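*Asks:* What follows is a single structure, and I will ask about it in a moment.
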Amino acid sequence: MREWAAYSLEEKAGRATLVVTGPLLISTIGALDRELRAFEGHVDVIDLSRVGAVDTVGAWTVLHFSREQDAEIVGADRQASRLLKAVEAARSSAALLPPRSRLTLRVPETVGKYVVEFGYGSRDMLGFAGHIMVSGLALFIHPSRFRSKAVVRQFELVGVSALFIIGLMSFLIGIVIAQQGAAQLQQFGAEIYTINLTGRLSVRELGVLMTAIMVAGRSGSSFAAQLGTMKLTEEVDAMRTIGVSPMEALVLPRVIAAVVMMPLLGFYSAGLSIIGGAFIASLTLNIPFHTFLARIQEVVPLYDVWVGLIKAPVFGMIIGLTGCYQGMQVEGNSEEVGLRTTLAVVQAIFLVIVLDAFFAVFFTEVGWG
Amino acid sequence: MSEAPIQEKVEAQAIDNLEPDFDGEFPIVIEGLRNSFGEQVVHEGLDLKVKRGEVLGVVGGSGSGKSVLMRSIIGLQVPDQGTIEVFGRNIADESAREDMAIRSRWGVLFQGGALFSTLTVGENVEVPLKQFYPELDPELMHEIARYKVVLSGLPADAASKYPAELSGGMKKRAGLARALALDPELLFLDEPTAGLDPIGAARFDELTRNLADTLGLTVFLITHDLDTLYAICDRVAVIADKKVIAVGTIPELLKSDHPWIQEYFNGPRGRAVQARPEHGKSMDSQGQTGE
């Protein structure tokens, strides 16, 4: 058991004296400190002649109490006096947390800040998109500055290494669409339309949309985290000073990779989701695998493929843009990298879905319904 | 006085068995230490004793394993062989609870400060207090955090700042404030003056020496800085050839004929420091310009 510091009250030469006993260390001061804080009464003198070892926390407690009581400290040995002096010199009443305003002020302030930030954020992101396009055009004028190695590397990261997970996801989604669709269509004997449902939905909507969500989660986040970390370690600044444009070296390869890979992945995803549908149809609906695939050619109009393929690069652009933009906005500490990465993924998925809705209306209006 | 309830409450909150007694002369004793990473052997048969109350400077070339040695002592790196006794206990085979006891008696300043970036400086100092001494009154913890911040040479209002708002030198001081939070007996400093300007480095040296004297600390100080060695170290340990090749005061080391030691102290930089009239234990080292 620890030996706790304690005190007793004595009357010495007509003066109320608080005699402290035991070691005055951080590990033994807990009780004494609380007792002295609750102390009601008055002492003139604090006697330290019977204490054991002292550290700064013990010295602080004694000093604090002596200030409160306006009491004199006697009997301190050399070490104790030295610590008392050091602690006295280090007294401060500064706040430990930055000042916070009242809740009634903070709420409107925060809301206002978000609105303003949203405005500036949208403006900056548009500016960033413009910057990407200008840099992209500059590459046509100076094709030698095109970083083919970096682009190919990003092709691999965004496209090739995503093949397995996107393939698996699409296959399973195909199964779900076909199986659930068939369950409903069977009710009026139209299960043959499962093929139309699976085919058109996969090619036109889900293939590209699910791929976009997966790419946003895989690559959009890694864009933001990579660029954000590079910003923190001043790699981006180092590039600028050497005369390498971070836009050309870091952002463009990623955006190009996302734009180019999205249609390929989207098409691949649509294909695998049809195969998934055909697979479950052959198992549960007695529609042979080959018949399913042959029917797809008849029931899916070619413009459905176009709809999917037109949307895909736009989604890729959005993902690359938000990922790189958020990454380049990182400043300060490592926490920001996490926040910006989250923001990049959330924004990318949100914007992709909003745009998808616009596309759906648009293509129907132009007669590609 | 309502002494008993407070005492009971405090005892109930306290972590028991926290304070092992140690009165020996050598808080750190390392024998036959061997560390390796894969094929690469960093330490082989390394022995070192750190005396109570001294400031021991540890020098060695880049990659000679100074930081690895410190990490071994504080238990972040498990050695292949050898024993490391801190406060008379072998830190490799103690139960977690006794580890806590040792941990409460040392403070570590990492190279970059290693402050928790989501907490203010003051909150950073409070983290070890809350961890080891939950029985302390929250108000006392705040007060401790405040004076430790000032004690470490930071302005008082730095306590409410986040690490990202501090300069490199201030981060080190904030790291020192956290290392000192528990009033440790043993302080580990990993290149405390690296990356500081000469004036800031000299001030930091002075602060370290003052604190070591005032608080009676034993300091294990890894450094590259010759000025630091001359200004504040009682003894210097030289790591080369995977072991400690020499320990002693600087005059003693100067007599050694080991090529690395000769090169180190008598190279152009070493001679420049030696040539200064006020080298040695000068406390008014503010006037010194390093390197």
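*Asks:* Output the number of residues of the range A:33-47 satisfying the condition of being more than 9 Å from chain B (Cβ to nearest Cβ) and within 11 Å of A:A5 (Cβ to Cβ).
*Replies:* 1
*Asks:* Assuming B:F110 fulfils every condition listed in (1) touching a strand residue (DSSP E or B) at 6+ places or on another chain (Cβ under 6 Å); (2) more than 30 Å from B:L226 (Cβ to Cβ); (3) open to solvent by 40 Å² or more (accessible area, probe 1.4 Å) apart from one, which condition is it?
*Replies:* For B:F110, the failing item is (2).
*Asks:* Name the pairs: first residue in the range A:193-205 and more than 13 Å from A:L302 (Cα to Cα), second residue part of a helix (DSSP H, G or I) and open to solvent by 40 Å² or more (accessible area, probe 1.4 Å), Cβ to Cβ under 6 Å, at least 6 apart or on different chains?
*Replies:* Qualifying pairs under 6 Å: A:I195/A:R295.
*Asks:* In addition: Report yes if some residue within the range B:117-129 is within 14 Å of another protein chain (Cβ to nearest Cβ), modelled with pLDDT under 85, open to solvent by less than 50 Å² (accessible area, probe 1.4 Å) and closer than 20 Å to B:K172 by Cα; otherwise report no.
*Replies:* Checked against the condition, which is being within 14 Å of another protein chain (Cβ to nearest Cβ), modelled with pLDDT under 85, open to solvent by less than 50 Å² (accessible area, probe 1.4 Å) and closer than 20 Å to B:K172 by Cα, the range B:117-129 yields at least one hit.
*Asks:* Taking into account only those residues within the range A:290-300 that are exposed (fewer than 15 other Cβ atoms within 10 Å of the Cβ) and more than 22 Å from A:G189 (Cβ to Cβ), which is farthest from the chain's Cα centre (by Cα)?
*Replies:* Ranking the candidates gives A:H290 first.
*Asks:* Now for a different question. Is it the case that the range A:174-195 has a residue that's under 30 Å from the mean Cα position of the chain (by Cα) and surrounded by fewer than 22 Cβ atoms within 10 Å (Cβ to Cβ)?
*Replies:* no
*Asks:* Here's something else I'd like to know. Residues that are touching a Pro at 6+ places or on another chain (Cβ under 7 Å) and open to solvent by less than 20 Å² (accessible area, probe 1.4 Å): does the range A:21-44 have at least one?
*Replies:* Within the range A:21-44, none of the residues are touching a Pro at 6+ places or on another chain (Cβ under 7 Å) and open to solvent by less than 20 Å² (accessible area, probe 1.4 Å).
*Asks:* Sort out for me the strands (runs of 3 or more DSSP E) sitting completely within the range A:6-51 that have 3 or more residues that are within 30 Å of B:E185 (Cβ to Cβ) and touching a residue at least 12 places away in the same chain (Cβ under 8 Å).
*Replies:* Strands (runs of 3 or more DSSP E) meeting the threshold: A:6-12, A:15-24.
*Asks:* Any residue in the range B:69-77 that is open to solvent by 60 Å² or more (accessible area, probe 1.4 Å), modelled with pLDDT under 85 and within 14 Å of chain A (Cβ to nearest Cβ)?
*Replies:* no
*Asks:* Run down B:Y133, B:Y147 and say which single residue is farther than 25 Å from B:I28 by Cα, open to solvent by less than 10 Å² (accessible area, probe 1.4 Å) and aromatic (F, W, Y).
*Replies:* From the options B:Y133, B:Y147, the qualifying one is B:Y147.
*Asks:* Any idea which of A:R78, A:R50, A:R67 is more than 10 Å from every other protein chain (Cβ to nearest Cβ) and under 14 Å from A:R91 (Cβ atoms)?
*Replies:* Going through A:R78, A:R50, A:R67 in turn, the sole match is A:R67.
*Asks:* Let me ask something additional. Here is a check on your reading of the model: is B:S167 more than 10 Å from chain A (Cβ to nearest Cβ) and among the hydroxyl-bearing types (S, T, Y)?
*Replies:* In short, yes.
*Asks:* Also, I was wondering about something else. Pick from A:R153, A:R240, A:R200: which is crowded, with 17+ Cβ neighbours inside 10 Å, of a type in the set (D, E, K, R) and either assigned to a helix (DSSP H, G or I) or assigned by TED's automatic domain parsing to the domain that holds A:F279 (or both)?
*Replies:* Numbers: A:R153 fails: crowded, with 17+ Cβ neighbours inside 10 Å; A:R240 fails: crowded, with 17+ Cβ neighbours inside 10 Å.
That would be A:R200, the only listed residue that is crowded, with 17+ Cβ neighbours inside 10 Å, of a type in the set (D, E, K, R) and either assigned to a helix (DSSP H, G or I) or assigned by TED's automatic domain parsing to the domain that holds A:F279 (or both).
*Asks:* B:R103 versus (1) in contact with a strand residue (DSSP E or B) (Cβ under 8 Å, 6 or more places away or on another chain); (2) within 14 Å of chain A (Cβ to nearest Cβ); (3) among the charged types (D, E, K, R): which is the lone unmet condition?
*Replies:* Of everything listed in (1) in contact with a strand residue (DSSP E or B) (Cβ under 8 Å, 6 or more places away or on another chain); (2) within 14 Å of chain A (Cβ to nearest Cβ); (3) among the charged types (D, E, K, R), B:R103 misses just condition (1).
*Asks:* While we're here: For the range B:170-196, give me the residue count where each residue is within 12 Å of chain A (Cβ to nearest Cβ) and of a type in the set (A, V, I, L, M).
*Replies:* 4
*Asks:* Anything in the range B:251-276 that is of a type in the set (A, V, I, L, M), open to solvent by 50 Å² or more (accessible area, probe 1.4 Å), out of contact with any Phe, Trp or Tyr (no Cβ under 7 Å at 6 or more places or on another chain) and closer than 16 Å to B:V58 by Cα? List them, or say none.
*Replies:* Once the filter is applied, which keeps residues that are of a type in the set (A, V, I, L, M), open to solvent by 50 Å² or more (accessible area, probe 1.4 Å), out of contact with any Phe, Trp or Tyr (no Cβ under 7 Å at 6 or more places or on another chain) and closer than 16 Å to B:V58 by Cα, the range B:251-276 yields nothing.
*Asks:* Determine which single condition A:S93 fails, assuming it passes every other condition in (1) surrounded by 11 or more Cβ atoms within 10 Å (Cβ to Cβ); (2) outside any helix (DSSP H, G or I); (3) within 11 Å of chain B (Cβ to nearest Cβ).
*Replies:* Checking A:S93 against (1) surrounded by 11 or more Cβ atoms within 10 Å (Cβ to Cβ); (2) outside any helix (DSSP H, G or I); (3) within 11 Å of chain B (Cβ to nearest Cβ), the one that fails is (1).
*Asks:* Let me ask something additional. Being of a type in the set (F, W, Y) and open to solvent by 100 Å² or more (accessible area, probe 1.4 Å) is the filter here, so list the residues in the range A:100-150 that pass it.
*Replies:* A:Y114, A:F118, A:Y120, A:F140
The values are calculated or read from the model by the stated rules, or taken from the named source; none is laboratory data. It should be emphasised that the depicted structure is a prediction, and the values quoted were computed from it without experimental measurement. Don't worry about glycine lacking a Cβ; one is built from the backbone with ideal geometry, like all the others, and counts go over all protein chains shown. Accessible surface is based on the protein model in full, side chains and every heavy atom, while ligands, DNA and RNA are left aside. Shrake-Rupley method; radii C 1.70, N 1.55, O 1.52, S 1.80 Å.
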